[in-house]
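Student: Please see the structure below; I have some questions.
The values are calculated or read from the model by the stated rules, or taken from the named source; none is laboratory data. Computed from a predicted model, the values in this text were never measured in an experiment. Virtual Cβ from ideal backbone geometry, glycine too; neighbours counted across all protein chains shown.
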Amino acid sequence: MKPHIQVTASRKTGTISRYIYGQFAEHLGRCIYEGVWVGLDSDIPHKNGIRQDVVEALRAIQVPVIRWPGGCFADEYHWKDGIGPAEERKTMVNTHWGGITENNHFGTHEFFELCQQVGAEAYINGNVGSGTVQEMQEWMEYMTMGGESPMANWRRENGQEEPWKVEFFGVGNESWGCGGNMRPEYYADLYRRYQTYVRQYGTDRVYKIACGANGYDYNWTDVLMKNAHAYMDGLSLHHYVVPRTWDDKGAATGFPEAEWYSLVENAKSMDELITKHSTIMDRYDPEKRVGLIIDEWGSWLNVEPGTNRGFLYQQNTIRDAMVASLTLNIFHKHAERVHMANIAQMVNVLQAMILTEGEKMLKTPTYYVFDLYKNHMDATKIDAIGTTKETTDYTVSKKGNTITASFCNYHLTEEDVVVLDIADFDIRTITAEALIGKVMDDHNNFENPENIKKEAFHDVKQEQGTVTVKIPPMGIVSVYMEGVEPNQY
């Protein structure tokens with residue numbers, strides 16, 4: 001018997017925040033330098049030093065927010081080193097990632113230029129680990145003060161007359177680890193102090209994010225919520241998945257079948273994590289005012305052979321696309337608590353959207369998942385009820401006059417046929433798109449950059465009141481059903 005899923009358009013259960021589709025860009029490997037910033041003298045097509053092929057690709061998936069400058073780098077970053085004439089900026093050694101020299105040519109002004117070109121909002125991560133309260137306060141003043149002040153005047157001298165909008169501000173990063181190896185009690189007090197000086201200088205309210213737990217550290221969440229929840233808008237959570245162990249994570253390509261399934265199963269653990277951290281947050285915040293911000297997530301695999309281990313450059317396959325699809329479905333499920341997420345990372349690092357090699361650029365299978373899912377951004381979640389095969393997952397939402405149902409079939413050899421029973425909705429037109437793997441490490445490279453990409457999908461059949469979707473193995477399918485609810489006639 002074919003699995004049936006009841007889709008009732010009137011059963012709306014909240015909004016899926018567009019910020020769940022956020023990106024993360026750290027000064028790590030080739031994410032910023034070459035991936036985003038090529039400089040004013042580059043032969044690679046750019047606008048004000050920012051490469052345009054990457055910008056155009058990011059605009060196409062409607063990136064809502066970019067987190068910067070880290071990551072671990074954030075807690076050794078001193079923002080004053082990255083402003084003013086490029087030739088006068090201080091250089092430093094990036095001790096976290098590869099020990100390379102950082103020339104600070106990409107700084108605050110360049111970041112806001114990137115956001116403007118992409119059409120994304122800004123998520124700034126401040127330095128608590130090696131920075132001072134004064135440094136953090138002055139950065140906010142520099143970025144957002146519209147009136148007269150030393151920092152605002154300095155910004156104007158550097159060419160930016162009007163203040164920028166900082167929608168999100170993170171107070172430290174991984175303070176339990178690379179950000180200071182702190183105890184939660186100590187960080188909770190530091191957070192309360194530092195966030196006081198993340199001033200709101202204009203009319204735009206700043207969403208303040210406290211450093212949250214590493215994966216399964218539920219005590220950290222309990223201590224932070226108990227001692228500081230009144231002072232925060234969001235609490236972060238970091239969780240990466242590996243197919244083997246942290247000592248030997250496993251290869252991105254050429255892996256055995258067992259590691260296909262182990263990585264996928266580990267990705268599904270995000271549901272347990274969010275559920276348990278949310279339960280703790282509910283004790284102190286039953287209204288769910290404080291958002292759970294998963295601002296680092298994704299698959300973490302062994303680096304590509306011959307590359308700098310500190311650059312975290314890995315290939316991206318249809319297996320990673322499955323991780324992305326399953327994880328986004330989980331975020332949708334918990335949309336009332338998950339206010340934002342930022343996949344790690346945007347370009348050339350870990351589970352990237354985009355890979356570059358000099359002037360060449362390609363979109364990864366993960367990129368195409370974000371493309372297939374963009375209709376879900378700011379859509380109303382539909383409480384679809386039903387059963388599928390164990391290896392099939394789905395999510396359903398409605399925005400405007402379109403219901404979007406997205407499916408992920410991570411079985412390596414078996415297709416799945418799912419029947420959607422549509423209620424309270426008169427379908428006028430149906431289209432569908434898909435990303436389908438041919439082999440379990442299907443990927444794009446610079447010799448064949450479009451080996452696997454989003455394509456039109458036709459195995460969708462509409463009958464009276466039902467829509468049947470035949471989901472291929474290693475397939476991710478989005479079905480777009482345009483129509484009207486009865487009360488719209």
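Student: Restricting to the stretch 288-315, give me the number of residues that are in contact with a His (Cβ under 6 Å, 6 or more places away or on another chain) and either farther than 30 Å from Ala230 by Cα or part of a loop (DSSP other than H, G, I, E, B) (or both).
Tutor: Of the residues in that region, 2 qualify.
Student: Of all residues in the stretch 457-489, which are outside any strand (DSSP E or B) and of a type in the set (D, E, K, R)?
Tutor: Asp459, Glu485
Student: Could you check, for the stretch 439-449, whether at least one of its residues is outside any loop (DSSP other than H, G, I, E, B), among the charged types (D, E, K, R), in contact with a strand residue (DSSP E or B) (Cβ under 7 Å, 6 or more places away or on another chain) and not assigned by TED's automatic domain parsing to the domain that holds Ser299?
Tutor: Within the stretch 439-449 (the criterion being outside any loop (DSSP other than H, G, I, E, B), among the charged types (D, E, K, R), in contact with a strand residue (DSSP E or B) (Cβ under 7 Å, 6 or more places away or on another chain) and not assigned by TED's automatic domain parsing to the domain that holds Ser299), the answer is no, since none of the residues qualifies.
Student: Still on this structure: Being modelled with pLDDT under 95, within 24 Å of Tyr19 (Cβ to Cβ) and assigned to a loop (DSSP other than H, G, I, E, B) is the filter here, so list the residues in the stretch 355-387 that pass it.
Tutor: Correct list: Asp383, Ala384.
Student: Among the residues of the stretch 1-47, how many are in a loop (DSSP other than H, G, I, E, B) and farther than 30 Å from Thr466 by Cβ?
Tutor: The number of residues fulfilling the criteria is 20.
Student: Still on this structure: Regarding Thr221, is this residue buried (at least 19 other Cβ atoms within 10 Å of the Cβ) and out of contact with any Phe, Trp or Tyr (no Cβ under 7 Å at 6 or more places or on another chain)?
Tutor: yes
Student: Hey, another quick one. Return the total of residues in the stretch 290-310 being modelled with pLDDT under 95 and either in contact with a Leu (Cβ under 7 Å, 6 or more places away or on another chain) or polar (S, T, N, Q) (or both).
Tutor: 2
Conditions tested, residue by residue: (1) surrounded by fewer than 24 Cβ atoms within 10 Å (Cβ to Cβ); (2) hydrophobic (A, V, I, L, M, F, W, C); (3) free of Cβ contacts under 8 Å to residues at least 40 places away in the same chain.
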residue	(1), (2), (3)
Glu296	no, no, no
Met353	no, yes, no
Met361	yes, yes, no
Phe407	no, yes, no
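Student: So, one more: Do you know which of the residues in the stretch 234-257 that are touching a residue at least 60 places away in the same chain (Cβ under 8 Å) and either under 19 Å from Asp282 (Cβ atoms) or not aromatic (Phe, Trp, Tyr) (or both) is surrounded by the most Cβ atoms within 10 Å (Cβ to Cβ)?
Tutor: Looking at the filtered set, the residue picked out is Ser236.
Student: I've got another one for you. Here are the criteria: (1) in contact with a Phe, Trp or Tyr (Cβ under 9 Å, 6 or more places away or on another chain); (2) assigned to a helix (DSSP H, G or I). Tell me which single one His339 does not satisfy.
Tutor: The failed condition is (2).
Student: Inspect all residues belonging to the stretch 337-344 and state whether any of them is over 24 Å from Val223 (Cβ atoms) and at pLDDT 95 or above.
Tutor: Yes, the stretch 337-344 contains at least one residue that is over 24 Å from Val223 (Cβ atoms) and at pLDDT 95 or above.
Student: Considering (1) in contact with a helix residue (DSSP H, G or I) (Cβ under 7 Å, 6 or more places away or on another chain); (2) of a type in the set (Phe, Trp, Tyr); (3) surrounded by fewer than 24 Cβ atoms within 10 Å (Cβ to Cβ), say which one Tyr21 fails and leave the rest.
Tutor: Of the numbered conditions (1) in contact with a helix residue (DSSP H, G or I) (Cβ under 7 Å, 6 or more places away or on another chain); (2) of a type in the set (Phe, Trp, Tyr); (3) surrounded by fewer than 24 Cβ atoms within 10 Å (Cβ to Cβ), the odd one out for Tyr21 is (3).
Student: In addition: Can you name every residue in the stretch 82-124 that is modelled with pLDDT of 95 or more, of a type in the set (Val, Ile, Thr) and farther than 24 Å from Asp295 by Cα?
Tutor: The answer is Ile83, and nothing else.
Student: Would you call Ile430 outside any loop (DSSP other than H, G, I, E, B), of a type in the set (Val, Ile, Thr) and at pLDDT below 95?
Tutor: Judged against the criteria, Ile430 is not a match.
Student: When you check Trp139 against the structure, is it in contact with a helix residue (DSSP H, G or I) (Cβ under 7 Å, 6 or more places away or on another chain), closer than 29 Å to Val38 by Cβ and either among the charged types (D, E, K, R) or assigned to a loop (DSSP other than H, G, I, E, B) (or both), yes or no?
Tutor: Criteria not met by Trp139.
Student: Same structure again: Return the residues of the stretch 416-435 that are under 21 Å from Thr327 (Cα atoms) and either of a type in the set (D, E, K, R) or surrounded by fewer than 19 Cβ atoms within 10 Å (Cβ to Cβ) (or both); say none if nothing qualifies.
Tutor: Asp416, Glu433
Student: A further question follows. Looking at Asn487 and the list (1) at pLDDT below 95; (2) among the polar types (S, T, N, Q); (3) under 30 Å from the mean Cα position of the chain (by Cα), which single condition is not satisfied?
Tutor: Looking at each condition in turn, Asn487 falls short on (3).
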